[in-house]
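Notes follow the structure.
The values are calculated or read from the model by the stated rules, or taken from the named source; none is laboratory data. Since the structure is predicted, the reported quantities are computational estimates derived from the model, not experimental observations. Here Cβ is always computed from backbone atoms with ideal geometry, including for glycine, and neighbour counts include all displayed protein chains. What goes into the accessible areas is simple: the full protein's heavy atoms, side chains included, and nothing from ligands, DNA or RNA. Shrake-Rupley method; radii C 1.70, N 1.55, O 1.52, S 1.80 Å.
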Amino acid sequence: MSNDTTFKALVVEETSDGEFKKSIQERKVSDLPENDLLIEVHYSSLNFKDAMSATGNKRITKQYPHTPGIDAAGVVVSDKSGTFSAGQEVLVFGYDLGMDTAGGLGQIISIPADWAIECPKSLTLKEAMIYGTGGLTAALSVQKLEKMGAKPSDGPVAVTGASGGVGSISIAILSQLGYEVIAFSGKTEQSDYLKDLGASEVRHRDTINEIGSKPIGRELWANAIDTLGGDYLANLLKQTKAGGAVTSCGLAGGAEFSMTVMPFITRAVSLLGVDSVYIPLADKEAIWQRVATDMKLPNLENYGEEITLEQTPEYLDRFMASQTVGRYVVNVRG
């Protein structure tokens, strides 16, 4: 593949009046950074971080024009490092992909070889993107709870942001592993959808905050997966059973929270951080083997809506307007 080879990509540009516009453009391989691994992307997926990059959030992406896409699944074109062979199917999640390095919403990417892992044989590239970073984060959250000793017999697991990408896959994985799940969402009209995923009960997310300023509340769930942060995270901790744990992996409800230490010192509740971006490559490979085996969901096609590259500007706008449900898989070459 020569430097003059062209491909399609979503490009976000900053206008002279400080606005940001999205369009599908033709790019050249020479526009990409110089790296060892060149990949022909077949599928990507949409995440809230992509939407923030596409609206000009300088905490996510500093330099524009830019191609977002923190997820990519495709086929190796070439690898100067010798780590991968041409034609090998690989997955890329996290690191700087889609942030300040042109991402998976382009048909070709150029990255360091140590950002990629081999796609597990029991997953297709599309299936891997149905999980994407959202599914990877969900799997890591469940695994963190397991490492703290969580088991289905302990009682229900609360999941916030239930209709989002992380929340929906968390519900499905927990249900498959035998856990009872209480789903919390601001979109209670999606109750049937969430119950189809495996939730035994659906509550409005604001009911978590009915505890108000009390330092501690009744023990309502054994463990929890929080994707919201803010007061939701604080009040989840206050109502977690003794010895339980809450994972934190998102901040849609706020980056800060305030509470006392009471749940930690009177109930030994644990707060567990989950990072899916910079975790060691070996840990990323290990969790993907679980995603491909005991955490692999049946009827995976039902968990993600497939869209085209041309549809991504519209769907990224939907993320910012809180009009999304579940996972969105981008057929980059379709």
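For segment 231-249, indicate whether the set of residues that are closer than 22 Å to Lys187 by Cβ and part of a loop (DSSP other than H, G, I, E, B) is non-empty. There is at least one residue in segment 231-249 that is closer than 22 Å to Lys187 by Cβ and part of a loop (DSSP other than H, G, I, E, B). Scanning segment 58-90 for residues that are open to solvent by less than 30 Å² (accessible area, probe 1.4 Å) and under 23 Å from Val166 (Cα atoms) yields Ile60, Thr61, Thr67, Pro68, Gly69, Ile70, Asp71, Ala72, Ala73, Gly74, Val90.
Identify all residues within segment 280-306 that are more than 27 Å from Ser175 (Cα to Cα) and either among the hydroxyl-bearing types (Ser, Thr, Tyr) or without any contact (Cβ under 8 Å) to a residue 40 or more places away in the chain (or both); write none if there are none. Talk me through it step by step, then tell me what you get.
Taking segment 280-306 as the starting set, the residues that turn out to be more than 27 Å from Ser175 (Cα to Cα) are 280-281.
Answer for segment 280-306, where residues must be more than 27 Å from Ser175 (Cα to Cα) and either among the hydroxyl-bearing types (Ser, Thr, Tyr) or without any contact (Cβ under 8 Å) to a residue 40 or more places away in the chain (or both): just Pro280.
If the condition is being open to solvent by less than 20 Å² (accessible area, probe 1.4 Å), part of a helix (DSSP H, G or I) and free of Cβ contacts under 8 Å to residues at least 60 places away in the same chain, then segment 140-190 contributes Ser170, Ile171, Leu174.
For segment 279-297, the count of residues that are open to solvent by 60 Å² or more (accessible area, probe 1.4 Å), touching a strand residue (DSSP E or B) at 6+ places or on another chain (Cβ under 7 Å) and assigned to a loop (DSSP other than H, G, I, E, B) is zero.
In the set Met52, Met99, only one residue is open to solvent by 10 Å² or more (accessible area, probe 1.4 Å), within 26 Å of the chain's Cα centre (by Cα) and more than 23 Å from Arg333 (Cα to Cα); that residue is Met52. The set of residues in segment 219-230 that are assigned to a loop (DSSP other than H, G, I, E, B) and β-branched (Val, Ile, Thr) contains only Thr227. All of Gly273, Gly304 fail the test of being under 17 Å from the mean Cα position of the chain (by Cα) and exposed (fewer than 12 other Cβ atoms within 10 Å of the Cβ), apart from Gly273.
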